[in-house]
Every structure is written in structure tokens, then in C-alpha cells.
Amino acid sequence: MDVNEARDSGPLVDVETRSDEELRALLEELHAEEQEVSCRRRVLHGKIDILRAELVRRLTAQYEELLEQELTTVRSTLELVRMQATTLLDKVDVA
């Protein structure tokens with residue numbers, strides 16, 4: 001019985017009929033497969049982490065750009081208010 005048969009056959013229902021050597025061999029094969037799956041999982045998680053980090057970086061950059069635009073608008077508005085206030089104060093002083 002090889003690892004593909006074990007994987008495809010579902011639960012190991014006939015373990016009692018297998019020899020010790022067959023069970024040890026199957027155990028080794030399954031351990032090796034588990035190591036491969038574990039390695040693949042770690043690689044996939046690494047790729048997922050990289051993609052998430054890139055999305056966060058992009059969203060942060062977009063947010064910072066929008067924030068800078070809003071800040072520029074607020075500064076312009078404040079400058080206009082300051083200029084209007086100065087004009088009004090000058091008119092009051094003249095009168």
C-alpha cells in the first residue's frame with residue numbers, strides 16, 4: 001500500500017491485516033507527505049503575507065494622498081478666511 005492508496009482509500013480500515021513493515025513504511029510515507037504539505041503551507045502563508053503587506057502599503061499610500069489633498073484644501077480655506085478677516089478688520093479700522 002503506498003501513500004496514494006492510503007490517501008485515496010479514506011480511513012485505514014485494514015491496519016490489522018498489515019504487517020509491521022507495511023505499517024512502518026506507510027507511516028514513513030505519510031510523515032513525508034505531511035512534511036511536504038507543511039512546507040507548501042508555509043510557502044503559501046509567506047506569499048499571503050507578502051500580498052497582504054503590499055495591499056496595506058498601497059492603501060496606506062492612497063490614504064496618505066487623500067489626507068494630503070484634504071489638508072491642502074483646509075489650508076487654502078483657512079488662508080481665504082484669514083484674508084477675508086483681515087479685509088473686514090481693515091474696513092472696520094478705516095470706519
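What follows is calculated from the coordinates using simple rules that are stated; it is not laboratory data. In this text, all values refer to a predicted model and were calculated from it rather than measured experimentally. No Cβ is skipped: glycine too gets one built from the backbone with ideal geometry, and neighbour counts run over all protein chains shown.
What the table shows:
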| read-out | value |
| --- | --- |
| Calculated FRET value between Arg41 and Leu67, using beta carbons and R₀ = 25 Å, to 0.05 | 0.10 |
| The stretch 18-77: trypsin sites (Lys or Arg not before Pro) in DSSP loop, at most 15 other beta carbons within 10 Å | Arg18 |
